[in-house]
Amino acid sequence: MTARQSPLQRLGPVERLGELHAESTGAGPSMVIADPRGNLVGAALEGAVVARVLGATARVSGARTARPATRAELWAARDAALLHIAGHVVSLGGWRVLPMADGEVDRVEMLRHGLAPRLAVVASCGSAAAMDEEGWGSIAAALLEAGTATVIATDRSVEDTTTLAVMSTFYAQPDWAADPARAMARVQLAFDAVDAATGATAPPTWAAFSVLGRPPFISMMPAAGVYSAARARYRSGVPYVEIAESPLLPGTRPIGLHVRDVGPPGGAPLLVLHGGWGYEIYPFDAQIAALPERRFVIPDRTGYGKSRRIAALPPRFHQAAAVEHEAMLDALGIERCAIWRHSDDAIIAAIMALRRPSRITALIVEALHVEREKSRSRPFFEMMANDPDAFGPRITERLAADHGDDYWRTVLRAGGRAWLDIAATPDDDFFDHRFGELAVPMMVLHGADDPRTEPGELDRMVSALPRAAVHVIAGAGHAPHSERGASAEATAAAVRFLRAVESGHP
């Protein structure tokens, strides 16, 4: 075995493909492991808070309790209703491990011992982060693979004081056990409101917490055209869907697409397509919370996020992305869906509705572009192409978290260059001169102060779509759905529209 090989690689192809074990029943008692080695006062306090919430039935261990937090204590939680770990997660030999009182525990041991509580909360630094190239090595991934239904974990270092506050607030929610995702969303919205009121500018610790669930099982089925059926592959708590090829990366077969799949599997699917900077810069958290009955399917298209990387966007990349998304829907077995998308991907969504209108139940286009020559935005696109660091640390840190510190500049440069090339062909048309043919139930959602919209562009867009619902939000910019002052109005308008379409009265 070479120095770069991992212990998991020795387990053979079944383990390496991330085979999901049966989901935990959570029949055992809840367990709290706090400060296993006696070197984290904050973790000990956190454990005491959680133990007080759980009551006398919970089993508690740690350096400041009567029971040492040994490896055997950890294995006793293999079918617990809740396992809460407050302690270190550290790097050892290229892997993330849990230091217990009698030694370190890595993901291989966790899988072998079937450590699968129903809900796991690992309030430790980087418990959802991995050091290996493929993202297999996180503690959260091991728990999910072993059978844990839901894991709350962090993607980076977290401060003891804020972690204690986040966890105390989380366990104060009445539905923390029944619906941990919704409970954590409320907690983070509350902390965000405090930051906004106090003018906080530092990257918030509360934002490091994620609620991760096991990916859905996706059956093998024939797909349309040249695209083969997909299988879901599991990495770090999220599914990957495989298609045979993509026109965004011609000559590469197959293509793995990272897909966030949120909400009830049987819910009406809503395909969310990200804009030219990726998903995390304009996330859909508020909309997911407002539409709990829907299944949100949120892919990273090729070139973004955790999907395959590319050096540049090809000509007519919007059309190419539409083909890729159709293949992804085929792979997931989704025959019909609604689409909500923003900016670049609003163009892609409209192209999809023109290509296969019978497949689209409703369409929300936000910050849609119809004009190619964006004179007001030229300095913006030039900055993307030539000096992406000029956008400042708050933006670039979020981009790095989404796309990788070694790749986010490529994402921006590719997008900026693509739009400069688009401006050089103003007489071409994104929609092959068929924009007015859009016939699916459609809402145009737009910020009145969108800096990427040319004078008169919105009016021309609306006049071409006389049957579309139009909602313009005063004071909103380029992404109303994620802007603090516009998100509530944008979400309410979209929810009304989607539910009206479902009722047959759009």
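Can you confirm whether D432 is out of contact with any Gly (no Cβ under 6 Å at 6 or more places or on another chain), open to solvent by 60 Å² or more (accessible area, probe 1.4 Å) and within 20 Å of Y279 (Cβ to Cβ)?
No, not satisfied.
Could you list, ordered by first residue, the pairs with Cβ atoms under 8 Å in which the first is in region 111-130 and without any contact (Cβ under 8 Å) to a residue 40 or more places away in the chain and farther than 16 Å from H84 by Cα and the second is outside any loop (DSSP other than H, G, I, E, B) and of a type in the set (K, R), at least 6 apart or interchain?
Close Cβ pairs (under 8 Å, with a partner that is outside any loop (DSSP other than H, G, I, E, B) and of a type in the set (K, R)) amount to A129/R96.
Taking the stated definitions as given, is A476 touching a strand residue (DSSP E or B) at 6+ places or on another chain (Cβ under 7 Å), open to solvent by less than 50 Å² (accessible area, probe 1.4 Å) and under 29 Å from G199 (Cα atoms)?
Answer is yes for this residue.
All but one of (1) of a type outside the set (S, T, N, Q); (2) under 18 Å from the mean Cα position of the chain (by Cα); (3) modelled with pLDDT of 85 or more; (4) open to solvent by less than 40 Å² (accessible area, probe 1.4 Å) hold for P215; which doesn't?
Answer for P215: the failing condition is (3).
Here are some conditions: (1) closer than 15 Å to S124 by Cα; (2) open to solvent by less than 50 Å² (accessible area, probe 1.4 Å); (3) of a type outside the set (S, T, N, Q). L54 meets all but one. Which one does it not meet?
The number of the failed condition is (1).
In the set A488, A439, which member is open to solvent by 30 Å² or more (accessible area, probe 1.4 Å), more than 26 Å from R378 (Cα to Cα), assigned to a helix (DSSP H, G or I) and not aromatic (F, W, Y)?
Answer to the check: A488.
Quick check: is even one residue across region 432-447 farther than 30 Å from F497 by Cβ, at pLDDT 95 or above and in contact with a Ser or Thr (Cβ under 9 Å, 6 or more places away or on another chain)?
Within region 432-447, none of the residues are farther than 30 Å from F497 by Cβ, at pLDDT 95 or above and in contact with a Ser or Thr (Cβ under 9 Å, 6 or more places away or on another chain).
Inside region 18-51, can you point out the residues that are of a type in the set (A, V, I, L, M, F, W, C) and either surrounded by fewer than 17 Cβ atoms within 10 Å (Cβ to Cβ) or over 12 Å from L82 (Cβ atoms) (or both)?
Within region 18-51, L20, A22, A27, A34, L40, V41, A43, A44, L45, A48, V49 meet the criteria.
Quick one: which strands (runs of 3 or more DSSP E) lie wholly within region 71-162 and hold at least 1 residues that are crowded, with 21+ Cβ neighbours inside 10 Å, touching a Phe, Trp or Tyr at 6+ places or on another chain (Cβ under 7 Å) and not hydroxyl-bearing (S, T, Y)?
150-154
Counting only residues that are of a type in the set (D, E) and surrounded by fewer than 17 Cβ atoms within 10 Å (Cβ to Cβ), which one in region 397-418 is farthest from the chain's Cα centre (by Cα)?
D406
Filter region 442-463 for residues that are loosely packed, with under 13 Cβ neighbours inside 10 Å and under 27 Å from L399 (Cα atoms) and give the result.
P451
For region 304-354, which residues satisfy the criterion of being among the acidic types (D, E) and open to solvent by less than 20 Å² (accessible area, probe 1.4 Å)?
E324, E326, D344, D345
The values are calculated or read from the model by the stated rules, or taken from the named source; none is laboratory data. What you see is a predicted model; the values in this text were computed from it and never measured. So basically every Cβ, Gly included, is an ideal-geometry build from the backbone, and we count neighbours across all protein chains shown. These area figures cover heavy atoms from the full protein model, side chains too; ligands, DNA and RNA do not enter into them. Shrake-Rupley method; radii C 1.70, N 1.55, O 1.52, S 1.80 Å.
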